[in-house]
Amino acid sequence: ILLGALFITAPITAASAQDVAHFLVRVDTLLRRGPFALLSPDFYRLKRLVESNGDELKLEFAQAKARHERTLFCPPVADKPRVNKIEYLAALRAVPPSRRATTDTKDVLRLVLERKYPCRFPLQRGAA
(Lines give C-alpha, C1' and ligand atoms only; values in the text may rest on other atoms or scores of the structure.)
Protein backbone atom coordinates (compact mmCIF):
# COMPACT_ATOMS: atom_id res chain seq x y z
CA ILE A 1 0.00 0.00 0.00
CA LEU A 2 2.76 2.43 0.93
CA LEU A 3 4.55 1.89 -2.35
CA GLY A 4 1.36 2.47 -4.33
CA ALA A 5 2.32 6.07 -5.06
CA LEU A 6 5.57 4.77 -6.51
CA PHE A 7 3.83 3.03 -9.37
CA ILE A 8 1.52 5.66 -10.82
CA THR A 9 2.60 7.49 -13.93
CA ALA A 10 2.60 11.24 -13.40
CA PRO A 11 3.86 14.65 -14.63
CA ILE A 12 6.95 15.34 -16.72
CA THR A 13 10.38 15.11 -15.05
CA ALA A 14 13.97 14.39 -16.07
CA ALA A 15 14.70 11.43 -18.36
CA SER A 16 16.14 8.23 -16.91
CA ALA A 17 15.70 4.48 -16.65
CA GLN A 18 17.25 1.72 -14.62
CA ASP A 19 17.84 -1.95 -15.17
CA VAL A 20 15.17 -4.21 -13.70
CA ALA A 21 17.62 -6.18 -11.55
CA HIS A 22 18.85 -3.13 -9.67
CA PHE A 23 15.37 -1.62 -9.42
CA LEU A 24 13.93 -4.80 -7.86
CA VAL A 25 16.75 -4.97 -5.31
CA ARG A 26 15.93 -1.40 -4.28
CA VAL A 27 12.16 -2.07 -4.16
CA ASP A 28 12.62 -5.23 -2.10
CA THR A 29 14.84 -3.34 0.34
CA LEU A 30 12.11 -0.74 0.78
CA LEU A 31 9.39 -3.37 1.16
CA ARG A 32 11.34 -4.95 4.02
CA ARG A 33 11.32 -1.58 5.80
CA GLY A 34 7.51 -1.55 5.86
CA PRO A 35 6.05 1.84 6.80
CA PHE A 36 9.54 3.17 7.47
CA ALA A 37 10.20 3.03 3.72
CA LEU A 38 8.58 6.46 3.51
CA LEU A 39 11.49 7.83 5.55
CA SER A 40 14.02 6.60 3.02
CA PRO A 41 15.30 8.98 0.35
CA ASP A 42 15.46 5.94 -1.95
CA PHE A 43 11.64 5.68 -1.86
CA TYR A 44 11.41 9.13 -3.43
CA ARG A 45 14.20 8.41 -5.91
CA LEU A 46 12.37 5.31 -7.14
CA LYS A 47 9.09 7.22 -7.26
CA ARG A 48 10.70 9.89 -9.44
CA LEU A 49 12.23 7.21 -11.66
CA VAL A 50 8.85 5.57 -12.32
CA GLU A 51 7.25 8.97 -12.91
CA SER A 52 10.05 9.86 -15.30
CA ASN A 53 9.60 6.61 -17.24
CA GLY A 54 5.88 7.32 -17.50
CA ASP A 55 6.51 10.87 -18.66
CA GLU A 56 8.95 9.73 -21.33
CA LEU A 57 6.40 7.22 -22.63
CA LYS A 58 3.70 9.88 -22.55
CA LEU A 59 5.93 12.17 -24.63
CA GLU A 60 6.77 9.38 -27.09
CA PHE A 61 3.04 8.67 -27.44
CA ALA A 62 2.22 12.35 -28.09
CA GLN A 63 5.04 12.66 -30.65
CA ALA A 64 3.91 9.56 -32.53
CA LYS A 65 0.32 10.83 -32.58
CA ALA A 66 1.50 14.24 -33.85
CA ARG A 67 3.36 12.47 -36.69
CA HIS A 68 0.22 10.41 -37.43
CA GLU A 69 2.07 7.18 -36.67
CA ARG A 70 0.66 4.10 -35.02
CA THR A 71 1.37 3.93 -31.33
CA LEU A 72 2.26 0.89 -29.24
CA PHE A 73 -0.47 1.57 -26.68
CA CYS A 74 -3.74 3.47 -26.84
CA PRO A 75 -4.86 4.86 -23.48
CA PRO A 76 -8.41 6.14 -23.09
CA VAL A 77 -8.76 9.73 -24.29
CA ALA A 78 -10.75 10.90 -21.27
CA ASP A 79 -8.36 9.47 -18.67
CA LYS A 80 -4.61 9.33 -18.24
CA PRO A 81 -3.11 5.84 -18.21
CA ARG A 82 -2.61 4.37 -14.77
CA VAL A 83 -0.51 1.43 -13.73
CA ASN A 84 -0.96 0.07 -10.25
CA LYS A 85 1.85 -1.31 -8.14
CA ILE A 86 0.67 -4.91 -8.39
CA GLU A 87 0.66 -5.07 -12.19
CA TYR A 88 3.94 -3.15 -12.47
CA LEU A 89 5.78 -5.28 -9.89
CA ALA A 90 4.38 -8.44 -11.49
CA ALA A 91 5.70 -7.31 -14.88
CA LEU A 92 9.11 -6.48 -13.39
CA ARG A 93 9.31 -9.87 -11.67
CA ALA A 94 8.16 -11.63 -14.88
CA VAL A 95 11.35 -10.53 -16.64
CA PRO A 96 13.58 -13.63 -16.63
CA PRO A 97 16.44 -13.23 -14.11
CA SER A 98 18.96 -13.71 -16.92
CA ARG A 99 17.54 -10.64 -18.73
CA ARG A 100 16.90 -8.30 -15.78
CA ALA A 101 20.31 -6.63 -15.96
CA THR A 102 19.79 -5.75 -19.63
CA THR A 103 16.10 -4.78 -19.49
CA ASP A 104 15.23 -1.31 -18.28
CA THR A 105 12.25 -0.20 -16.23
CA LYS A 106 10.91 2.01 -19.02
CA ASP A 107 10.65 -0.98 -21.37
CA VAL A 108 8.71 -2.92 -18.74
CA LEU A 109 6.34 -0.01 -18.17
CA ARG A 110 5.82 0.25 -21.94
CA LEU A 111 4.95 -3.46 -22.05
CA VAL A 112 2.43 -3.03 -19.21
CA LEU A 113 0.80 -0.11 -21.06
CA GLU A 114 0.70 -2.12 -24.30
CA ARG A 115 -1.09 -4.97 -22.53
CA LYS A 116 -3.42 -2.75 -20.52
CA TYR A 117 -4.28 -0.34 -23.35
CA PRO A 118 -3.93 -2.29 -26.61
CA CYS A 119 -4.52 -0.48 -29.88
CA ARG A 120 -7.28 -1.78 -32.08
CA PHE A 121 -6.48 -0.92 -35.68
CA PRO A 122 -8.91 -1.84 -38.45
CA LEU A 123 -7.61 -4.46 -40.85
CA GLN A 124 -6.38 -3.11 -44.17
CA ARG A 125 -8.08 -4.44 -47.29
CA GLY A 126 -6.11 -7.27 -48.75
CA ALA A 127 -4.37 -7.98 -45.42
CA ALA A 128 -4.51 -11.52 -44.17
Report the accessible area of residue 69, computed with a 1.4 Å probe over the heavy atoms of all protein chains in place, in Å² rounded to the nearest 10. 90 Å²
Rg/Rh ratio calculated on Cα atoms of segment 31-104 (Kirkwood radius): 1.04
Roll a 1.4 Å probe over the protein chains and send me the accessible area per residue for segment 72-119 in Å². 58 Å²
Note, residue 17: beta-carbon cut-off 10 Å, +1 each Lys/Arg, -1 each Asp/Glu, net -3
Net charge of Cβ neighbours under 11 Å - reference residue 73; Lys, Arg +1; Asp, Glu -1: +3
Chain lengthening between residue 31 and residue 59 when straightened (0.36 nm per residue, less Cα-Cα): 7.0 nm
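The values are calculated or read from the model by the stated rules, or taken from the named source; none is laboratory data. Everything numeric in this text was worked out from a predicted model, so none of it was measured. Note: ideal-geometry Cβ built from the backbone for every residue, glycine included; neighbour counts use all protein chains shown. Side chains are part of the model used for accessible areas, which takes the heavy atoms of the whole protein and leaves out ligands, DNA and RNA. Shrake-Rupley method; radii C 1.70, N 1.55, O 1.52, S 1.80 Å.
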